[in-house]
Each structure stands twice: as structure tokens, then as C-alpha cells.
Amino acid sequence: MTATRCSSHDEVEAPPMDDRTELYIDGTWVPSDGGGTIDVFEAATGGLLARVPAGTEADVDAAVAAAKRAFPSWSQSPVADRVALLRRFADELLQREDELAETMAREVGTPIARSRSVQVGLGVTIFRTMADVLETLPMEERRGTSLILKVPAGVVGAITPWNYPLYQLAAKVAPAIAAGCTTVVKPSSVAPLAAFVVADIAHAIGLPPGVLNVVSGSGGRVGERLAGHPDVDLVSLTGSTSAGARVGQLAAAGIKKVTLELGGKSAFIVAPDADMDAALNAAVRSCYVNNGQTCTATTRLLVPADRLDEVERRLVELVGSQTIGDPLDETVDVGPMASQDQQQSVLKHLADVPADAKFLVGGPGDVDGLDERLRSGYFVRPTVVSRVDNNTPIARDEVFGPVLAVLTYRDIDDAVAITNDSEYGLSGAVFAADDDQAIAIARRLRTGQVSINGGRFNAMAPFGGMKKSGIGRELGPDGLDEYFEKISLQLRS
């Protein structure tokens, strides 16, 4: 049975975050044109956490106009200046680590230790690595009688998700700054607060007005206006596949560049001769990070049919021993979903699991043992569903919660076929007796990245997907390249 943990915060309500009453446009904090607000709720309690402005189409227009005005000067700024600003961004984010980690623990439900290392840590890393890439990247290349130039793509519309509010913002804003682009950010309404901190930092370090703008608001108003705005040259979205399809449709009308990092239903293949204990430890770690609210989570575990009983026993131990509770408690492993809507979505997936599947741990229902303050939070029991058919919704849909589906295969050819039988292709993992064997299997997978025998995430490697998991790549030199256009100067021979 999954353990629950009531934190040291049980007796005293955590203090409210400060409301954000203005948007950041053209280097200034200004009221929204509409005057409405959006409530931000604390994931662990369901209580009101803060309010942010509900931006309008007019706010987007003002932000895009500011970005467009700033572009000619910023696009010609010295590379050394951009490198220095990126590094200052990283330093300032690190200085505000505790504040940001708590903010995202409360908004998203990420356990506080993970919030420091992943939510904040990855954001810092992206700004630093982008500075490193920019510092050594040639901006022009001689090819025969042509001089090929890399030039900034223009005004960027960056639409970021709620599950990694700072990291995904960094993955868009850092390369935009590096390339010499100007940006309008539309953060998720579920977890918008980190974007305002980034705007605070931009202002404090002297980023020129208009280079970074932040407009909070609904996807239907702010997001759609930004994606379809005639003066936006590139749209970068991280979100659901349906949101990506809509953004792609709006951007297509203006023939804009798009980068889309979308959903996933990634598989973790355990080869027959793998070290099962090491493999399952890695599989559980990958599945339940950020309470399962991770697009790259390996939520389909593929194991040899003749080792299923062994796998099931071990998963009961591993997942059943996890503590669930207040994400501000340093000892908690799994926190709540980020919103009530997400909680209900996950619970519906669990309620619809076929009768012939087997719940090893968790399942639908309330989480036992939570104190009164947490009972209104958006918790879901960490769950393992075994003996799942790959054609069922629990194996095909992106659940986006703490749910692991266990499938069996006959041989490696069967495992590869099951893995590739998905509309997604974002991530994956292979655990085998040695790296060469695991790499040979990984070469056959139709997915954007594969962890080999527990290999960890690399912020310098290209990140993105195939099929309905997206278009384009983020991070490292490949991610930076998305923010450039290329011009060929044809010289006299």
C-alpha cells in the first residue's frame, strides 16, 4: 500500500504568493487592457494561491508591437553581449532558487527536492548551455562561391505549458535571446508565476525593452492571437497534441515557422537478459518524475512474458513504498496533480481500465491518510496496471499522471513492434545486458530520444519528437538553429 506523509506544514497554512496585477510589455509593468484576472490554485490544497492578469488580444498586439520595434536593434547586438546576458539570467535564477522551487512545488505539485533540481535546475542549465553554444557557433559559412549567413528568425511567440513552467520557458526564451530574436511569452494559466519572475529578472539585468514580453491569459484569447498574429515570425509551443494541431493551423495561415513539442506515450523496453532490479528502478524513476506529469515519461513498461511474475512482485515493492503527500515536505516522493481538471482526467483513465487488466498498486479512488488540509488537493494514487494490451486506452493515451502500464512481449522483434505501434514518438528507454545491445534495439525505435541503460537527460542534445509528438527540436545547437533563418550571398567567383 502506498504510504502517505503529512508534512511539517500540516498545522500552518503556507503563506499566499503575491498576486501579479500587471503584464510585462516593452520593458514596463502595465495593466491589462481587459482588467480581468485568472485564479491560480495550490495543487496540494486546492486553495487560492495567487491571481494574474487575464490578458486580451489587445495586450498581445501591444506586446508583439514592442517586440517588433525592439527587433532591428536587438538582432544586430554583439554576440558577446547576448552571451553575458544569458549567463546573468542563469545566475539570477539560481539566486532565486528557493523562491522558484517553492512556487512550482505549490503550482504544479512537484516534490520540493525535484522542484529544485529539475524545475529550477534545468532552467538554469538551459540558459548556461545556450550561452556556451552561442559563444562558439559560427554565424556564417563559406560554401564554394556562396557566403551563408545565419540571421535571427524575428519575433517569437512562445507558448509554455504548466508541467515544467520555467524549464520550458527557458527552452524557448534562451535560444531566442541567443539568436537575436525578440519574444512574447504566453505562460500556462495553471502555472504562470515563474514567467513573471523571469520578467523581473529580465528587467533587473537590463534586457532592452521589448526583447522579452510576458502576457498571461487563456489559450483561446492570448494563445490563439499570438499564434496567428501577422507580425509573429516563429511560434514555439509545448503542450498537448491537440493544442499543437491548433497552433499549427493558425501559424500556417501566415506561413510561419513552428516548433511543436507535444505529447508522448513512451515505452521502456527491458531486454530478456537485463539486470531486472536495476531496470525496474530506472523505469519507476522515469515514470513517476514530477508525479507522472512529464511528456517524456516512460509510461509503458515492456517486459518478457516469462518474467512477468518477478516484475509484478518488484513493482509492488518499489511503487508501493513511495510516499505521497505535501510537495513542500522534503521526504515526499509523489505530490498532487497540478489542477483539478488533470486529477479528474487521470481518474477517468483509471476508471476505464479493462476488467482483465490487473491493478498491482493504486488505482481509482481517494488517497488514504492525507491530513485535512490536503484532502481538497488534486491527489491521485501512484498506480501500476499490469497485463495490459497495447490496443487499450491506458496503453495508447497520454494519461499524464502517476500511472505505469505493464505489457509483455514474446521477443525483441515483438517489443520493437509494440513500442512503435503508437501515434507518439517522443521518448523511450532500453535496458539490456550491455550498451551495444541496448543501442542496437534503440536504433529500431521511431522516437526522438532513447535512454540507454539508465542514461540521463542531456541538455545539449536535441530534444523533440516524431509523429504526433511534434515538429522541430529544442536544446543545444540544434535548438538554437530553429531560431535562425539562412541567407545565401552568391559571390563572384
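The values are calculated or read from the model by the stated rules, or taken from the named source; none is laboratory data. Predicted, not measured: the structure shown is a model, and the values here were computed from it. Please note: Cβ atoms are built from the backbone with ideal geometry, for glycine as well, and neighbour counts cover all protein chains shown. Calculation scope for accessible area: heavy atoms of the full protein, side chains included, ligands and nucleic acids excluded. Shrake-Rupley method; radii C 1.70, N 1.55, O 1.52, S 1.80 Å.
Among the listed residues Leu137, Leu166, identify the single one that is on the phi < 0 side of the Ramachandran plot, touching a residue at least 60 places away in the same chain (Cβ under 8 Å) and open to solvent by 20 Å² or more (accessible area, probe 1.4 Å).
From the options Leu137, Leu166, the qualifying one is Leu137.
Can you find, within segment 444-493, the residue that is least open to solvent (accessible area, probe 1.4 Å) among those that are of a type in the set (Lys, Arg) and in a loop (DSSP other than H, G, I, E, B)?
Per the stated criteria, the residue is Arg473.
Let's see how each residue does on (1) β-branched (Val, Ile, Thr); (2) within 24 Å of Arg313 (Cβ to Cβ); (3) open to solvent by less than 10 Å² (accessible area, probe 1.4 Å); (4) in contact with a Ser or Thr (Cβ under 8 Å, 6 or more places away or on another chain):
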| residue | (1), (2), (3), (4) |
| --- | --- |
| Ala253 | no, no, no, no |
| Lys256 | no, no, no, no |
| Glu261 | no, no, yes, yes |
| Ile269 | yes, yes, yes, yes |
| Arg285 | no, yes, no, no |
| Asn290 | no, no, yes, yes |
| Ala297 | no, yes, yes, yes |
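Sort out which residues of segment 142-163 are assigned to a strand (DSSP E or B) and either open to solvent by less than 10 Å² (accessible area, probe 1.4 Å) or not β-branched (Val, Ile, Thr) (or both), and write them in order of number.
Arg142, Arg143, Ser146, Leu147, Leu149, Lys150, Pro152, Val155, Val156, Gly157, Ala158
Among what's in segment 102-121 and is β-branched (Val, Ile, Thr) and under 14 Å from the mean Cα position of the chain (by Cα), pick the residue that is surrounded by the fewest Cβ atoms within 10 Å (Cβ to Cβ).
Among those residues, the one meeting the criterion is Val118.
Looking at this structure, is Val319 open to solvent by less than 20 Å² (accessible area, probe 1.4 Å) and on the phi < 0 side of the Ramachandran plot?
Spelling it out, Val319 is indeed open to solvent by less than 20 Å² (accessible area, probe 1.4 Å) and on the phi < 0 side of the Ramachandran plot.
If I go through segment 340-382 residue by residue, how many of them are closer than 24 Å to Arg106 by Cβ and either in contact (Cβ under 8 Å) with a residue 12 or more places away in the chain or over 26 Å from the mean Cα position of the chain (by Cα) (or both)?
So the answer is 24.
Restrict the check to segment 179-189 and report whether at least one residue is over 24 Å from Gln76 (Cβ atoms), at pLDDT 95 or above and open to solvent by less than 10 Å² (accessible area, probe 1.4 Å).
Yes; the residues of segment 179-189 include at least one that is over 24 Å from Gln76 (Cβ atoms), at pLDDT 95 or above and open to solvent by less than 10 Å² (accessible area, probe 1.4 Å).
Test Gly144 against the criterion of being at positive phi and of a type outside the set (A, V, I, L, M, F, W, C), and give yes or no.
yes
Could you tell me which residue of segment 16-59 is nearest to Ala199 (Cα to Cα), considering only residues that are of a type in the set (Ser, Thr, Tyr) and surrounded by 15 or more Cβ atoms within 10 Å (Cβ to Cβ)?
Out of the qualifying residues, it is Tyr24.
Residues that are more than 22 Å from Glu482 (Cβ to Cβ): list the strands (runs of 3 or more DSSP E) wholly contained in segment 207-315 that include at least 1 such residues.
By residue number, 266-270, 298-304.
Which numbered condition trips up Leu480, out of (1) more than 17 Å from the chain's Cα centre (by Cα); (2) more than 24 Å from Ser75 (Cα to Cα)?
(2)
Got a sec? Which of Val367, Val380, Val416, Val388 is in a loop (DSSP other than H, G, I, E, B), under 30 Å from Ala442 (Cα atoms), touching a helix residue (DSSP H, G or I) at 6+ places or on another chain (Cβ under 9 Å) and open to solvent by less than 60 Å² (accessible area, probe 1.4 Å)?
On inspection, the qualifying residue turns out to be Val388.
Which residues, counting only those in segment 81-93, are more than 11 Å from Arg128 (Cα to Cα) and open to solvent by 70 Å² or more (accessible area, probe 1.4 Å)?
Across segment 81-93, the qualifying residue is only Asp81.
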